[in-house]
Amino acid sequence: MAERGPAPSVTGGPARHRLAAVLFWLLPAVWSSNYLIARAAGPIVPPHILAFGRWGIVCGVLLAMCLRSLRARPGRMRAEAGQMLVLGALGMWICGAWVYLGGRSTTATNIGLIYAAAPIGIALGSQRLLGEHLGRAQHLAMAMALAGVLFVVARGDPAVLLAVRFTAGDLWIVAATASWIGYSLLLRRWTTRLNDVERLCGISAGGLVILLPFAAWEWWALPNRLDGRALGLIVLAGLLPGLFSYLAYGFLQRELGAARAALVMYLAPIYGALLAWWLLDEPPQGYHVVGALLILPGMYVATRRPRRAPR
């Protein structure tokens, strides 16, 4: 049985916590770029090829950064090979290619509704598996953020939620949501002797092993070769929602705990609307403002550092 990870409290000093606070607000903006990249790449890059290229870039960059340390102590990577295959399958294959597959046959409303369950699932799992506990203020903050997300997803009209019809394509998103919950909890629960760069490099390599046969099949069936625009989107996906996002998420988990780090997902609708306004000339609507008024205060309460009790 895998050992339980370290205590979920803040592990570093004030400087590390300040960095975590900055990353908490920055990460969703970078993460949201994945949706825009997926929209642009959908017609020209098959999903498994996009995911394989994305994580191939991440693995290559990280391997160049940590090759010397891995050569000095090769046994550390081999000892965690099984965990890396599991985490790679959850975080890089299912949470990567399957989201792209689901996006072809379901709506943005359905995706938003399904993914809204992920932070709740992580919070519940972290209480049982990691011993993390959220106070009343944090539970209230999570409820406010969830209400804000649902308001944005419904575009301010509750009838939209009542009219939702789930399709077979939503099963891809349900599986991806469950997979992200599992990835987040196992990433925190399983102990490691590797640093952040080495561990993500190994997890990316595990994901590539799982993705390889599916990407090879799509490459064989590809009618035309990928052009410069397609390759550019793959590189962009590897550097932003790949390399930066996953390193930052692992850091947030150590500093804030799995439950609080998962709340970054509730900021995605706000950042997605701003990015769409900037890049796609789609201005935000009134329901985005109302959703932000519910989400942002909740995020502040959920992530602020508790004051120490006086002696």
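General observations
- For the stretch 134-227, the fraction of alpha-carbon pairs in successive 5 Å shells from zero, as %: 2, 9, 8, 13, 16, 13, 13, 13, 8, 3, 1, 0
- Range of Cα positions in the stretch 181-300 per principal axis (Å), largest first: 48, 42, 20
- Largest GNM mean-square fluctuation among W93, W55, W25, using the chain with Cα springs under 10 Å: W25.
- Only Cα pairs under 8 Å and 6+ residues apart enter the sum, and on that basis the relative contact order of the chain stands at 41 percent.
- Accessible-area order (highest first, 1.4 angstrom probe) of the listed residues F24, F151: F151, F24
- Whether the stretch 9-142 is rounded, prolate or oblate, judged on the alpha carbon gyration tensor where a/c under 1.5 counts as rounded: oblate
- Relative contact order %, the stretch 133-273, counting alpha carbon pairs below 8 Å whose residues are six or more apart: 40
- Calculated accessible area for the stretch 78-138 comes out at 43 Å² per residue, all protein chains present (probe 1.4 Å; ligands, DNA, RNA ignored).
- Solvent-accessible surface ranking, highest first, for M92, M144 at 1.4 angstrom: M144, M92
- When only alpha carbons are used to place a centre, the stretch 129-178 and the stretch 62-115 end up 23 Å from one another.
- 1.4 Å probe accessible area per residue over the stretch 194-251, in Å²: 49
- The stretch between V209 and S69, if pulled fully straight at 0.36 nm per residue, gains 48.2 nm over its current Cα-Cα span.
- Placing Y300, Y35 in order of accessible area, with the largest value first and a 1.4 Å probe, yields Y300, Y35.
- Evaluated at q = 0.14, 0.25 Å⁻¹, a Debye calculation over the C-alpha positions of the stretch 23-69 (equal weights, vacuum) places log10 I(q)/I(0) at -0.49, -0.93.
- Residue-level accessible surface for D227, protein heavy atoms, 1.4 Å, Å²: 80
- For the chain, the carbon plus sulfur part of the accessible surface works out to 67%, probe radius 1.4 Å.
- Cα pair distances in the chain, grouped into 20 Å bins until the bin that holds the longest one, percent each: 32, 59, 9, 0
The values are calculated or read from the model by the stated rules, or taken from the named source; none is laboratory data. These numbers come from a predicted model, not from an experiment. Keep in mind that these areas ignore ligands, DNA and RNA; they rest on the heavy atoms of the full protein, side chains included. Shrake-Rupley method; radii C 1.70, N 1.55, O 1.52, S 1.80 Å.
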